[in-house]
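Peer 1: Before anything else, here's the structure in question.
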Amino acid sequence: MNILVATKRRYTGKDLLDHQYGRLFEIPEALADQGHRVTGLALSYRGQSEGLHQPRKVAWHAVSAFPFEPLGVLRYLRKFEHLIDAVRPDVVWASSDAWHAIAAEIVCRRRGVPLVIDLYDNYESFDLTRVPGIASRFRASCRAAAGLTVVGDALREKVVDEYRLGAKPVEVVGNAVDRSVFFPRSKDEARRSLRLPPDVRIIGTAGALDSSRGIDDLFGAFSALAGRHGDLHLAVAGRRDASATLHAHDRIWDLGVLSSSEMPSFWSALDVAVICNKDSAFGRYCYPQKFQEIVACETPFVAADVGEMSRICRNDRSFLYRLGSGDSLADRVDEVLSGRMRPASLRASDWRERATVVEVLMDRVCSSRRPGSPMSH
């Protein structure tokens, strides 16, 4: 197949082209590895330079809609259409937010190209959908698409129940890892590389360290645990809001924002990894990328009892803590530190596995439009 991928350039705090990270980079690369011709369109809302980038197999066309106003939007739509005319894709896979779904549906409808929309989160929880009319237009774009890929079962249930999709195919494509990058490291070596103390126990987390993700639960739990265990330390890394600076303790290690290449060492350095979250429009439907990384590094974990993590751990809920309760989190961490093993059934998925699901859906969509197929009439 000839596939065009359309996405924003910066998502989940990473730059698609500079950091070469996450599903919107890895799945297109895996599809290219499987023999498909894949071209990328990466939109910047920040006025980054335009041009052609080819960090690996996929050639990415970087474009800008800055400033993000009517003229910038129209300029992007024109470039999108021109690229479709040049590439002549069999199918477009569009992701990253409600605007991309809407823009891709407009362009694909004009050019008669089948569209598959990818939801890596609940896009209705993003600030963009607070603009009047965007949420309803986004849902209409999902209904008009040939198919959807969504990050988890919880999100699939939401879109099937609420978006009135009819018989439209909706496939779950969870997050994954590159197993050549994420695998267990020596704990001692991992700690040396990050300058963490060697002969102590360390719990921690990485990612968005802000109150909207429930980070206060972790600081509350550590406050309780530090009093029980004189050798226990806390390590955190990632973007943060002001709440993350409110907690001072001589056994808290703030590593700032780590590079993607440092994350395997970070997870391997921990005795227990913590996945915080809240019962929110975001938390109920997200699939934490860090979970796959933690499992790939074989690090014990404790997670907030919400959304996809509740489903993943439904057969052993002893690894889940009660939302909003630092005491519950502290008790769960204590149990894991005491020797409770993570569920043996859990394994990290590879991006190639996820790309295969996308490939099958795209082939189904393209086949339905070929002359003679039942759905082509």
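Peer 1: Look through the stretch 100-125, keep the residues that are open to solvent by 10 Å² or more (accessible area, probe 1.4 Å), in a helix (DSSP H, G or I) and in contact (Cβ under 8 Å) with a residue 60 or more places away in the chain, and return whichever of them is nearest to Arg78 (Cα to Cα).
Peer 2: Per the criteria, the residue is Glu124.
Peer 1: Considering only the stretch 129-140, state which residues are crowded, with 17+ Cβ neighbours inside 10 Å and either touching a strand residue (DSSP E or B) at 6+ places or on another chain (Cβ under 7 Å) or modelled with pLDDT under 95 (or both).
Peer 2: Answer for the stretch 129-140, where residues must be crowded, with 17+ Cβ neighbours inside 10 Å and either touching a strand residue (DSSP E or B) at 6+ places or on another chain (Cβ under 7 Å) or modelled with pLDDT under 95 (or both): Thr129, Ile134.
Peer 1: Only residues that are surrounded by fewer than 20 Cβ atoms within 10 Å (Cβ to Cβ) and part of a helix (DSSP H, G or I): list them for the stretch 300-325, please.
Peer 2: Matches in the stretch 300-325: Ser310, Arg311, Arg317, Ser318.
Peer 1: Yes or no: the stretch 310-326 includes at least one residue that is without any contact (Cβ under 8 Å) to a residue 24 or more places away in the chain and either closer than 24 Å to Gly22 by Cα or among the hydrophobic types (A, V, I, L, M, F, W, C) (or both).
Peer 2: yes
Peer 1: Give Asp90, Asp33, Asp85 a once-over and let me know the one that is within 25 Å of Ser261 (Cα to Cα) and surrounded by fewer than 23 Cβ atoms within 10 Å (Cβ to Cβ).
Peer 2: Step by step, each of Asp90, Asp33, Asp85 is checked, and only Asp33 is within 25 Å of Ser261 (Cα to Cα) and surrounded by fewer than 23 Cβ atoms within 10 Å (Cβ to Cβ).
Peer 1: Shifting gears a bit: Could you run through the stretch 54-69 and say how many residues are over 16 Å from Val107 (Cβ atoms) and either part of a helix (DSSP H, G or I) or among the β-branched types (Val, Ile, Thr) (or both)?
Peer 2: Number of matching residues: 1.
Peer 1: Is there a residue in the stretch 186-205 that is closer than 20 Å to Gly283 by Cβ and at pLDDT 95 or above?
Peer 2: yes
Peer 1: Now for a different question. Among all residue pairs at least 6 apart or on different chains, which show Cβ distances below 8 Å where the first residue, located in the stretch 146-173, is in a helix (DSSP H, G or I) and the second is open to solvent by 60 Å² or more (accessible area, probe 1.4 Å)?
Peer 2: Asp153/Arg311; Ala154/Arg284; Ala154/Arg311
Peer 1: Being open to solvent by less than 60 Å² (accessible area, probe 1.4 Å) and out of contact with any helix residue (DSSP H, G or I) (no Cβ under 6 Å at 6 or more places or on another chain) is the filter here, so list the residues in the stretch 343-353 that pass it.
Peer 2: Of everything in the stretch 343-353, those that are open to solvent by less than 60 Å² (accessible area, probe 1.4 Å) and out of contact with any helix residue (DSSP H, G or I) (no Cβ under 6 Å at 6 or more places or on another chain) turn out to be Pro343, Ser349, Asp350.
Peer 1: Which residue pairs have Cβ atoms closer than 7 Å, lie 6 or more positions apart in sequence or on different chains, and pair a first residue in the stretch 262-288 that is within 25 Å of Leu196 (Cα to Cα) with a second residue that is basic (Lys, Arg) and part of a helix (DSSP H, G or I)?
Peer 2: Ser268/Lys187; Ala269/Lys187; Ala269/Arg191; Ile275/Lys290; Cys276/Arg213
Peer 1: While we're looking at this one, here's another question. Inside the stretch 36-73, can you point out the residues that are open to solvent by 90 Å² or more (accessible area, probe 1.4 Å) and closer than 20 Å to Asp97 by Cα?
Peer 2: Hits for the stretch 36-73 are Arg46, Phe66, Pro70, Leu71.
Peer 1: Are any residues in the stretch 314-355 among the hydrophobic types (A, V, I, L, M, F, W, C), within 16 Å of Ala273 (Cα to Cα) and within 19 Å of the chain's Cα centre (by Cα), and if so, which ones?
Peer 2: Leu346, Ala348
Peer 1: Kindly state which strands (runs of 3 or more DSSP E) lie completely within the stretch 186-269 and contain at least 1 residues that are acidic (Asp, Glu) and surrounded by 14 or more Cβ atoms within 10 Å (Cβ to Cβ).
Peer 2: Ranges flagged: 252-254.
Peer 1: Filter the stretch 54-74 down to the residues that are out of contact with any helix residue (DSSP H, G or I) (no Cβ under 9 Å at 6 or more places or on another chain) and either modelled with pLDDT of 90 or more or farther than 22 Å from Pro114 by Cα (or both) and list them by number.
Peer 2: Across the stretch 54-74, the qualifying residues are Gln54, Ala59, Pro67, Glu69, Pro70, Leu71, Gly72.
The values are calculated or read from the model by the stated rules, or taken from the named source; none is laboratory data. Worth saying up front: this structure is predicted, and the values here are computed from it rather than measured. Because the Cβ atoms are built from the backbone with ideal geometry, glycine has one as well, and the counts that use them run over all protein chains shown. Accessible surface is based on the protein model in full, side chains and every heavy atom, while ligands, DNA and RNA are left aside. Shrake-Rupley method; radii C 1.70, N 1.55, O 1.52, S 1.80 Å.
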